[in-house]
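A short write-up of the structure that comes next.
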Number of protein chains: 2
Amino acid sequence: MSKFWSKRTHELDPYTPGEQPQNQQYIKLNTNENPYPPSPKAIDAMRAAADEDMRLYPDPMAKSLKQAVADFYDLDVSEVFVGNSSDEVLAHTFVALLKKDKPLFFPDISYGFYPAYCGLFNIETTRIPLADDFTINPQDYAADNGGIIFPNPNAPSGIALSLADIEKILMANQDVVVVIDEAYIDFGGETAVPLINKYPNLLITQTFSKSRSLAGLRVGFAMGQADLINGLERVKNSFNSYPLDRAAIAGATASIKDKVYFDETCQKIINTRDKVSKALEQMDFSVLPSQANFVFAKPNKADAEKLYLDLKAAGVLVRYFNSPRIAGYLRITIGTDADMDVFLEKLAMLT
Amino acid sequence: MSKFWSKRTHELDPYTPGEQPQNQQYIKLNTNENPYPPSPKAIDAMRAAADEDMRLYPDPMAKSLKQAVADFYDLDVSEVFVGNSSDEVLAHTFVALLKKDKPLFFPDISYGFYPAYCGLFNIETTRIPLADDFTINPQDYAADNGGIIFPNPNAPSGIALSLADIEKILMANQDVVVVIDEAYIDFGGETAVPLINKYPNLLITQTFSKSRSLAGLRVGFAMGQADLINGLERVKNSFNSYPLDRAAIAGATASIKDKVYFDETCQKIINTRDKVSKALEQMDFSVLPSQANFVFAKPNKADAEKLYLDLKAAGVLVRYFNSPRIAGYLRITIGTDADMDVFLEKLAMLT
């Protein structure tokens with residue numbers, strides 16, 4: 001409490017990111033980082049950008065990066081927005097497109113940052129319960145609302161929604177913006193990008209942090225018809241003209257151009273995930289069907305929080321959410337095969 | 001206009017940054033960039049950070065950078081906030097500390113981003129006219145308000161306020177936050193950092209973009225008592241947990257540790273500025289007394305806008321503001337001696 005803080009600041013319930021220990025070695029399976037390094041071309045591009053030209057402002061529009069994203073997805077450059085991580089892109093999205101007179105709908109179990117944005121920007125919300133099997137039922141979103149957002153695949157469940165179901169939601173909500181947060185789409189889900197031309201109310205956000213192994217570079221983007229992108233640009237230009245630094249623009253641009261490396265890396269993670277899911281089931285875990293780079297799994301005969309703490313003590317960090325409905329689960333990021341072998345070995349000793 | 005935009009988004013009047021031509025060579029004296037490269041140690045640190053660890057999230061608290069800033073200014077690490085440029089730091093400051101029930105005071109001629117933040121965050125404002133000589137009169141700020149912000153030195157005038165005058169403002173406004181935006185402080189002004197321990201209502205913002213030649217890296221910071229910093233952290237953690245990428249944290253940390261290089265660079269710019277100011281006066285310009293890395297100068301016998309356009313056509317970019325009171329002026333960033341010789345030569349041909 002402080003007399004100097006704004007009223008809003010007192011009321012905030014900030015997001016708590018997963019632990020990021022800086023000084024100790026863990027097998028780090030807690031924040032959905034990619035176990036493989038970024039594309040070597042991205043590393044080269046970042047190093048090349050770290051030169052004397054750092055004295056100059058970057059391109060405020062980051063046109064080269066927008067063009068590379070547009071090329072990757074066969075969009076026009078006017079249909080792409082970029083920002084300092086998909087968290088910043090989402091923040092601007094909440095202000096520009098989701099702050100309306102009616103409540104914003106999102107699943108009760110979902111990315112924990114959404115309520116933090118709503119607190120910061122004073123957006124009324126309605127949390128729509130997932131079904132018992134943690135799936136999204138499109139019919140639940142066919143009610144009066146000021147906008148809709150959900151991750152696909154959802155977090156922390158890892159469960160993906162089909163494009164057919166997404167179209168049902170888009171069609172039932174043509175006067176509000178439906179945001180699909182595709183942070184984890186590249187690990188087996190089907191992107192909604194091909195629906196952009198058909199639905200002016202569709203905005204898709206993605207990130208370089210997961211499938212492109214650049215969590216340390218902080219680059220995210222949004223895709224939608226130019227009308228939605230223009231709204232985001234207006235907010236961005238009232239907040240920070242130059243959100244992406246020179247290394248970030250260069251590294252992300254090189255990364256998205258290296259499709260071969262990207263495809264290989266994603267496939268390795270998918271293969272490992274499917275192996276780990278089976279192994280966990282054999283160890284008496286209930287494992288939700290994941291299309292993400294993590295699995296959400298419930299030890300049927302152990303306490304999840306205790307297991308999280310025991311794993312941490314054994315040098316393996318996973319994520320535990322002390323929240324209703326999911327307090328019995330662990331979210332386990334997919335690492336390398338070697339990482340996961342150690343994880344499974346420690347787990348076997350602890351259960 | 002769009003049915004999908006929020007009401008606020010329609011009402012925004014976004015900030016327009018100075019031109020950043022990407023494809024053409026100009027002598028670029030329009031956005032107050034430093035003509036000298038960043039510290040070689042900063043370049044080395046950025047390159048070293050651009051490695052395989054980019055797959056991992058950065059430290060969300062950027063502790064190493066906060067500690068380096070604290071060391072430089074003899075503060076506690078709890079008295080330092082860092083962000084993705086001082087523009088982002090300012091944006092969070094407006095939300096956390098300046099959004100009150102009473103109007104925010106700032107000078108009528110000042111950094112053009114302040115009104116953009118107020119539009120975005122719905123903050124009522126009162127613009128306090130500068131004196132005829134473009135100085136700030138502390139007594140003008142001794143009235144009921146919800147907070148105060150001004151740059152010191154002011155922009156685009158370049159005129160610095162003394163610490164004695166700043167203390168008058170701080171003392172007359174003990175229940176609200178007074179933000180001193182010290183983007184240009186290192187070119188001859190006197191920082192208010194030594195006042196932090198005495199005034200719980202003082203927040204100071206600074207940037208790595210000007211005196212530390214890192215406009216391309218997007219790093220800014222704020223300093224104040226821990227109570228104010230905690231308010232900023234609450235807002236930051238409701239917006240983006242990891243605003244600074246690994247290269248930004250590493251580069252800025254190395255930069256602020258290289259005091260020798262920093263002092264030399266600032267002194268060179270000060271020397272050039274004083275020479276250019278004299279030369280402009282000899283060419284019949286009225287030049288405001290600048291403590292910044294730019295001069296604000298009025299051609300007594302020429303039209304400023306025409307001169308801006310003619311200089312641009314001649315390959316020299318300066319900044320022209322088509323705004324009341326200052327439409328007769330040009331803001332000219334201080335480049336190298338060689339840059340300024342060309343500028344003065346072109347100017348002589350055009351006037």
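The values are calculated or read from the model by the stated rules, or taken from the named source; none is laboratory data. If you're wondering where the values come from, they're calculated on a predicted model, not measured in any experiment. Cβ coordinates were reconstructed from backbone atoms using ideal geometry, including for glycine residues, and neighbour counts include every protein chain displayed.
Among all residues of region B:70-83, there is none that is part of a helix (DSSP H, G or I) and more than 23 Å from B:LYS198 (Cβ to Cβ).
Quick one: which of A:PHE134, A:PHE105, A:PHE150 is assigned to a strand (DSSP E or B), touching a residue at least 24 places away in the same chain (Cβ under 8 Å) and more than 21 Å from B:SER241 (Cα to Cα)?
Details: A:PHE134 fails: assigned to a strand (DSSP E or B); A:PHE150 fails: more than 21 Å from B:SER241 (Cα to Cα).
Of the residues listed, the single one that is assigned to a strand (DSSP E or B), touching a residue at least 24 places away in the same chain (Cβ under 8 Å) and more than 21 Å from B:SER241 (Cα to Cα) is A:PHE105.
Residues of region B:146-193 that are of a type in the set (Val, Ile, Thr) and under 15 Å from the mean Cα position of the chain (by Cα): B:ILE149, B:ILE159, B:VAL179, B:ILE180, B:ILE185, B:THR191.
Considering A:TYR73, A:TYR26, which residue is modelled with pLDDT of 95 or more, surrounded by fewer than 23 Cβ atoms within 10 Å (Cβ to Cβ) and in contact with a strand residue (DSSP E or B) (Cβ under 7 Å, 6 or more places away or on another chain)? Working first, answer last.
On the way: A:TYR26 fails: modelled with pLDDT of 95 or more.
Going through A:TYR73, A:TYR26 in turn, just one is modelled with pLDDT of 95 or more, surrounded by fewer than 23 Cβ atoms within 10 Å (Cβ to Cβ) and in contact with a strand residue (DSSP E or B) (Cβ under 7 Å, 6 or more places away or on another chain): A:TYR73.
Residues that are surrounded by 22 or more Cβ atoms within 10 Å (Cβ to Cβ), among the aromatic types (Phe, Trp, Tyr) and not in a helix (DSSP H, G or I) within region B:321-351 comprise just one, B:TYR329.
When region A:281-296 is filtered for residues that are in contact (Cβ under 8 Å) with a residue 12 or more places away in the chain and either surrounded by 13 or more Cβ atoms within 10 Å (Cβ to Cβ) or not assigned by TED's automatic domain parsing to the domain that holds A:PRO17 (or both), the ones remaining, listed by number, are A:MET283, A:PHE285, A:SER286, A:LEU288, A:PRO289, A:SER290, A:GLN291, A:ALA292, A:ASN293, A:PHE294, A:VAL295, A:PHE296.
Among the residues making up region B:297-351, those that are free of Cβ contacts under 8 Å to residues at least 40 places away in the same chain and among the charged types (D, E, K, R) are B:LYS298, B:ASP303, B:GLU305, B:LYS306, B:ASP341, B:GLU345, B:LYS346.
Across region B:1-23, the qualifying residues are those that are at pLDDT 90 or above and among the hydrophobic types (A, V, I, L, M, F, W, C), and the one among them that is nearest to A:ASN173 (Cα to Cα) is B:PHE4.
Limited to region A:131-154, what total is found for residues that are of a type in the set (S, T, N, Q) and over 22 Å from A:VAL89 (Cβ atoms)? Steps first, please.
Taking region A:131-154 as the starting set, the residues that turn out to be of a type in the set (S, T, N, Q) are A:135, A:137, A:139, A:145, A:152, A:154.
With the extra rule that they be over 22 Å from A:VAL89 (Cβ atoms), the set shrinks to A:135, A:137, A:139.
Adding up the residues that qualify gives 3.
Against the numbered list (1) crowded, with 24+ Cβ neighbours inside 10 Å; (2) closer than 26 Å to A:GLY119 by Cβ; (3) within 9 Å of chain A (Cβ to nearest Cβ); (4) in contact with a strand residue (DSSP E or B) (Cβ under 9 Å, 6 or more places away or on another chain), B:ALA222 comes up short only at (3). Condition check for B:ASP227 on (1) out of contact with any Asp or Glu (no Cβ under 9 Å at 6 or more places or on another chain); (2) farther than 28 Å from B:LYS268 by Cα; (3) in contact (Cβ under 8 Å) with a residue 40 or more places away in the chain; (4) within 10 Å of chain A (Cβ to nearest Cβ): one failure, at (3). Of the residues B:PRO151, B:PRO129, the single one that is at pLDDT 95 or above, touching a strand residue (DSSP E or B) at 6+ places or on another chain (Cβ under 7 Å) and not small (Gly, Ala, Ser) is B:PRO151.
In region A:58-72, is there at least one residue being touching a Ser or Thr at 6+ places or on another chain (Cβ under 6 Å), within 30 Å of B:PRO40 (Cα to Cα) and of a type in the set (A, V, I, L, M)?
First, the residues of region A:58-72 that are touching a Ser or Thr at 6+ places or on another chain (Cβ under 6 Å): A:60, A:64-65, A:68.
Remaining after also requiring within 30 Å of B:PRO40 (Cα to Cα): A:60, A:64-65.
From what's left, of a type in the set (A, V, I, L, M): A:65.
Yes, because at least one residue in region A:58-72 is touching a Ser or Thr at 6+ places or on another chain (Cβ under 6 Å), within 30 Å of B:PRO40 (Cα to Cα) and of a type in the set (A, V, I, L, M).
Each row is one residue, and each column tells you yes or no for (1) part of a helix (DSSP H, G or I); (2) not assigned by TED's automatic domain parsing to the domain that holds B:ASN84.
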{"residue": "B:ASN230", "(1), (2)": "yes, no"}
{"residue": "B:LEU244", "(1), (2)": "no, no"}
{"residue": "B:ALA250", "(1), (2)": "yes, no"}
{"residue": "B:THR265", "(1), (2)": "yes, yes"}
{"residue": "B:ILE270", "(1), (2)": "yes, yes"}
{"residue": "B:LYS298", "(1), (2)": "no, yes"}
{"residue": "B:LEU309", "(1), (2)": "yes, yes"}
{"residue": "B:LYS312", "(1), (2)": "yes, yes"}
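Residues of region B:55-67 that are at the interface with another protein chain (Cβ under 7 Å from one of its Cβ atoms) and outside any helix (DSSP H, G or I): B:LEU56, B:TYR57, B:PRO58, B:ASP59, B:PRO60. Summed over region B:68-101, residues that are within 7 Å of chain A (Cβ to nearest Cβ) and small (Gly, Ala, Ser) total 3.
Okay, residues lined up against (1) within 25 Å of A:ASN122 (Cα to Cα); (2) in contact (Cβ under 8 Å) with a residue 40 or more places away in the chain:
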| site | (1), (2) |
| --- | --- |
| B:ALA172 | no, no |
| B:PRO200 | no, no |
| B:SER211 | no, yes |
| B:LEU217 | no, yes |
| B:PRO243 | yes, yes |
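Restricted to region A:76-100, and to residues that are within 16 Å of B:TYR242 (Cβ to Cβ) and among the polar types (S, T, N, Q), which residue is surrounded by the fewest Cβ atoms within 10 Å (Cβ to Cβ)? That would be A:SER86. B:ALA48 meets all of the listed conditions (1) surrounded by fewer than 24 Cβ atoms within 10 Å (Cβ to Cβ); (2) of a type in the set (Gly, Ala, Ser); (3) under 30 Å from A:ASP175 (Cβ atoms) but one, namely (3).
Among the residues of region B:237-250, write down those that are surrounded by 24 or more Cβ atoms within 10 Å (Cβ to Cβ) and facing another protein chain (nearest Cβ under 8 Å).
As a first pass, look at region B:237-250 and keep what is surrounded by 24 or more Cβ atoms within 10 Å (Cβ to Cβ): B:238-240, B:242-250.
Selection gives B:SER238, B:PHE239, B:ASN240, B:TYR242, B:PRO243, B:LEU244, B:ASP245, B:ARG246, B:ALA247, B:ALA248.
For beta carbons closer than 6 Å, sequence separation of 6+ or different chains, a first residue in region A:2-31 that is more than 8 Å from every other protein chain (Cβ to nearest Cβ) and a second that is of a type in the set (A, V, I, L, M, F, W, C) and assigned to a loop (DSSP other than H, G, I, E, B), the qualifying pairs are A:LEU29/A:VAL318; A:ASN30/A:VAL318. Would you confirm whether or not region A:42-54 contains a residue that is assigned to a loop (DSSP other than H, G, I, E, B), at the interface with chain B (Cβ under 9 Å from one of its Cβ atoms) and out of contact with any Pro (no Cβ under 7 Å at 6 or more places or on another chain)? Yes, region A:42-54 contains a residue that is assigned to a loop (DSSP other than H, G, I, E, B), at the interface with chain B (Cβ under 9 Å from one of its Cβ atoms) and out of contact with any Pro (no Cβ under 7 Å at 6 or more places or on another chain).
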